[in-house]
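I have placed the structure first, in the form of structure tokens, so that the comments after it can refer back to it.
The values are calculated or read from the model by the stated rules, or taken from the named source; none is laboratory data. The model shown is predicted, which means the values in this text are computed figures rather than measured ones. Cβ sites come from the backbone with ideal geometry, for glycine too, and all protein chains shown count toward neighbours.
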């Protein structure tokens, strides 16, 4: 192991609590990802979900993802509504590729990193968003399910 690649944490069968602002991660409910922008599944800000995704060839992305994944990967389309301007975090249980779109314009991430050890959160990406409806494209996920959440940061 090097300083760039620390040893993986040894986790118990029980997940550690998520960080502040992501408490909804622990009470995820099941949903199905949409196959297109018109069929995007609505996410509630602050509520964790376990999304069943579609095979990549069955997803009609609004904008081609930068890293769409191969024919054996999974993806899906989700929507969320931002009620007030602020910093919002997309948390994922895998390293899947995400795009947050306002219309066809991708939002620019302002921070990204790994989730805390043993929480089940693998990836976190932050965006400064204005009020409105956004599309969340998930691409290149290795499995057919994905824990995810969108939360407003303090």
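Among the residues in the range 51-65, are any surrounded by fewer than 17 Cβ atoms within 10 Å (Cβ to Cβ), part of a loop (DSSP other than H, G, I, E, B) and without any contact (Cβ under 8 Å) to a residue 24 or more places away in the chain? Yes.
Return a yes/no flag: does the range 3-16 have any residue that is closer than 26 Å to residue 153 by Cα and in contact with a strand residue (DSSP E or B) (Cβ under 9 Å, 6 or more places away or on another chain). No, the range 3-16 contains no residue that is closer than 26 Å to residue 153 by Cα and in contact with a strand residue (DSSP E or B) (Cβ under 9 Å, 6 or more places away or on another chain).
In summary, residue 78 fulfils each of the numbered conditions (1) in contact with a strand residue (DSSP E or B) (Cβ under 9 Å, 6 or more places away or on another chain); (2) under 20 Å from residue 115 (Cβ atoms); (3) at pLDDT below 95 with the single exception of condition (3).
Candidates 105, 85, 96, 38: the one that is surrounded by 14 or more Cβ atoms within 10 Å (Cβ to Cβ) and either out of contact with any strand residue (DSSP E or B) (no Cβ under 6 Å at 6 or more places or on another chain) or in contact (Cβ under 8 Å) with a residue 40 or more places away in the chain (or both) is 96. Take the conditions (1) closer than 29 Å to residue 16 by Cβ; (2) part of a loop (DSSP other than H, G, I, E, B); (3) in contact with a strand residue (DSSP E or B) (Cβ under 9 Å, 6 or more places away or on another chain); (4) touching a residue at least 40 places away in the same chain (Cβ under 8 Å); residue 139 misses just one of them, which is (2).
Among the candidates 154, 68, 116, the residue that is in contact (Cβ under 8 Å) with a residue 12 or more places away in the chain, surrounded by fewer than 21 Cβ atoms within 10 Å (Cβ to Cβ) and in contact with a helix residue (DSSP H, G or I) (Cβ under 7 Å, 6 or more places away or on another chain) is uniquely 68.
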